[in-house]
Structures are given as C-alpha cells and as structure tokens.
1. Would segment 62-78 turn up any residue that is open to solvent by 70 Å² or more (accessible area, probe 1.4 Å) and touching a residue at least 60 places away in the same chain (Cβ under 8 Å)?
2. Looking at the structure I just gave you, is Arg58 outside any loop (DSSP other than H, G, I, E, B) and assigned by the TED database to the domain that holds Leu18?
3. Ala121 - would you say it is in a loop (DSSP other than H, G, I, E, B) and open to solvent by less than 50 Å² (accessible area, probe 1.4 Å)?
4. Would you check which residues across segment 23-40 are over 15 Å from Ala11 (Cα atoms) and among the hydrophobic types (A, V, I, L, M, F, W, C) and list them?
5. More than 22 Å from Ile102 (Cα to Cα), of a type in the set (Gly, Ala, Ser) and at pLDDT 95 or above - does that describe any residue in segment 28-41?
6. Please pick out the residue among Ala54, Ala121 that is without any contact (Cβ under 8 Å) to a residue 24 or more places away in the chain and touching a helix residue (DSSP H, G or I) at 6+ places or on another chain (Cβ under 7 Å).
Amino acid sequence: MHQQLPLQYHADPTLAELPLFERARGGEALAQLWQAPQGFVVPGSYRKFSQLSAVSERFAARGWPVWLRRSGGGLVPQGPGIVNLSLAWPVYQPLGEAAEPIYLMLCGLLQRALATFGVDAHF
C-alpha cells in the first residue's frame, strides 16, 4: 500500500531518519520528505578535526548551528527551501558493497525524472 509523503519538519535533523531506520529493520521500504531549520549537518567522522567544536560554536553564534549525524557523507546545508529525501529499506549485503550501486540507481532515477521536465542533471 502506498501512502502520501507529507513534508515533515524536524528541529533536529539528526533525528529525522531514525524512525525510518527502525521500520526498515523490520523489513519495510520507506521514503520521507523533510525540512530542518537553518544550519549544517556533518557526519560524525568530522570529530577527527580538532577545530570542529570551535568552528561549530562560531557558526552557531551566527545562526548556523552544526549537527553531527551517524551516517557518512559530507557537510549538508539545511534551512528554508531545502527539501531532504530520506530512503530506507532492508539491505542484505555490507553497506560498503551496497552504497555505490544504490547511489547510482537513485541518481539515474532522479536524472530520468528531471529529464521529463527538460532539466539536464548530472551526478
């Protein structure tokens, strides 16, 4: 059964995907559209940078808080007008093996969808 995807708001973007992960562990495939307040989300691996705390404080003082997420990737800006798409489903192979094919499949899907509107997209 397909459900509508309402746009959700999450005050803490690091918590936005947690309910999806729990349901995916139970065998479901899910999608969620969401927005967050202005700020930056960075992977926990950024803790290795000795200046992360000081830089985060400076950005927060300027209205750009920094949140640390559990997943990988890089710095992602958040704020009004930025819509996030989170996908979660059971994966039965190591994430290192699954990540690239999943990424390429998703990029291809978005590329084809945008092409129907005359938008040339690249990944």
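The values are calculated or read from the model by the stated rules, or taken from the named source; none is laboratory data. If you're wondering where the values come from, they're calculated on a predicted model, not measured in any experiment. Cβ placement follows ideal geometry from the backbone for every residue including glycine, while neighbour counts extend to all protein chains displayed. These accessible areas exclude ligands, DNA and RNA; they are computed on the full protein's heavy atoms, side chains included. Shrake-Rupley method; radii C 1.70, N 1.55, O 1.52, S 1.80 Å.
1. No; the residues of segment 62-78 include none that is open to solvent by 70 Å² or more (accessible area, probe 1.4 Å) and touching a residue at least 60 places away in the same chain (Cβ under 8 Å).
2. So Arg58 fits the description; yes.
3. yes
4. Ala24, Ala29, Leu30, Ala31, listed by residue number.
5. Yes, some residue in segment 28-41 is more than 22 Å from Ile102 (Cα to Cα), of a type in the set (Gly, Ala, Ser) and at pLDDT 95 or above.
6. Values: Ala54 fails: touching a helix residue (DSSP H, G or I) at 6+ places or on another chain (Cβ under 7 Å).
Testing whether each residue is without any contact (Cβ under 8 Å) to a residue 24 or more places away in the chain and touching a helix residue (DSSP H, G or I) at 6+ places or on another chain (Cβ under 7 Å) leaves just Ala121.
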